[in-house]
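Before any comments, here is the structure.
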Amino acid sequence: MRSFKRSYVQQPWCSLRAGRPLQLLWLFLLLPLACCGQSPASETQSKTGTSSGHPELFSQVIANQKQLDADLNLYERVERTEFRKTASDPTPSEVKVWRVFPSGTGTSRILLSPEGTAPSAESYHAALEKLETTLVWAAQDGPAQREAYNKVEKRRKERNDLIDSTRKAFFFTRVGEEMRSGRVLVKYSMERNPAYKASTRNEMLFTRVRGTLWIDKESSQLAKIEGYVTDDILLALFLAKVYRGSYFMQERYEMAPGVWLPTYQQYDFDGRKFLVPFSIHERSFYTHYRRVGPPKEAVEVVRDELSKLKSNRADP
């Protein structure tokens, strides 16, 4: 059972083609949280002549980000990813579409056609049955399940610890307001604190990036983030490098009252792994969000869908 779980559950930052060096992309998702622990405005003004805004606002952004992580474990969605050979390619070289389903200790992905439909009734039915088995396993309370959930909790703690370590890594400056879909977004620039000293390799990454944040004024939700690599980043004991100019962007919208989730994500990363150059240029679109709940609830959603598929097959 344990080997089955490992083969089926995927972690979002490990599914990238270039492997371990591009866990950097996952770290970019932490950048919006770095601002939330910034020094109060008076301290920032004394160092940079700019203001990071109200600290209570950033505290609320932290809380909202943690809620987003929790919501992603309760909502299924459809992910359409377009792969390009270069950032400037007008059309993708490949398109992959998945139905992404939270499965308790990870995420299950069912491959769909580029049009977003099941490739075949048989393969889709088999994938749903496999998903049902995964959810049944995740809903149980046994030693293997507790071990798996402990690993999830360990990753969450490591993420939060890294967030805490970035609280002094950046200075944030309010640069204005923008309108998006009738809502006011407050825009902040994000610049490295030159006095910041990284104590680990992961923390070192934050000394080589800059970016911009857009925070929804009404809800204090992070609506958009973009980040750039300002200097080449050496990874994996110097066996890999991410080049200066690599770029990340993510947009989020309110999918349900008080629930903000990603709708678009873009990676444009170039570098080398060992002596082989790599290039990742992806555009991902997230649609059809639906709350399915934790595994005990989600398995009923899948069973209901399987029952309907069976009834449709039985109809003449």
Any idea which of (1) assigned to a helix (DSSP H, G or I); (2) under 23 Å from the mean Cα position of the chain (by Cα); (3) of a type in the set (Val, Ile, Thr) is the one VAL302 doesn't satisfy?
(2)
Tell me, yes or no, whether segment 205-217 has at least one residue that is modelled with pLDDT of 95 or more and in a helix (DSSP H, G or I).
no
Select from segment 278-299 the residues that are in contact with a helix residue (DSSP H, G or I) (Cβ under 7 Å, 6 or more places away or on another chain) and not in a helix (DSSP H, G or I) and write down the one among them that is farthest from VAL259 (Cα to Cα).
ILE280
Looking at segment 163-172, can you tell me whether even one residue there is more than 22 Å from LYS296 (Cα to Cα) and more than 24 Å from the chain's Cα centre (by Cα)?
no
Tell me whether segment 266-274 contains one or more residues that are basic (Lys, Arg), surrounded by fewer than 18 Cβ atoms within 10 Å (Cβ to Cβ) and more than 28 Å from TRP98 (Cβ to Cβ).
yes
Output yes when any residue across segment 91-102 is farther than 30 Å from SER311 by Cα, in contact with a Phe, Trp or Tyr (Cβ under 9 Å, 6 or more places away or on another chain) and assigned to a helix (DSSP H, G or I), and no when none is.
no
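The values are calculated or read from the model by the stated rules, or taken from the named source; none is laboratory data. Computed from a predicted structure; not experimentally measured. Here the Cβ is made from the backbone with ideal geometry for all residues, glycine too, and neighbour counts use every protein chain on show.
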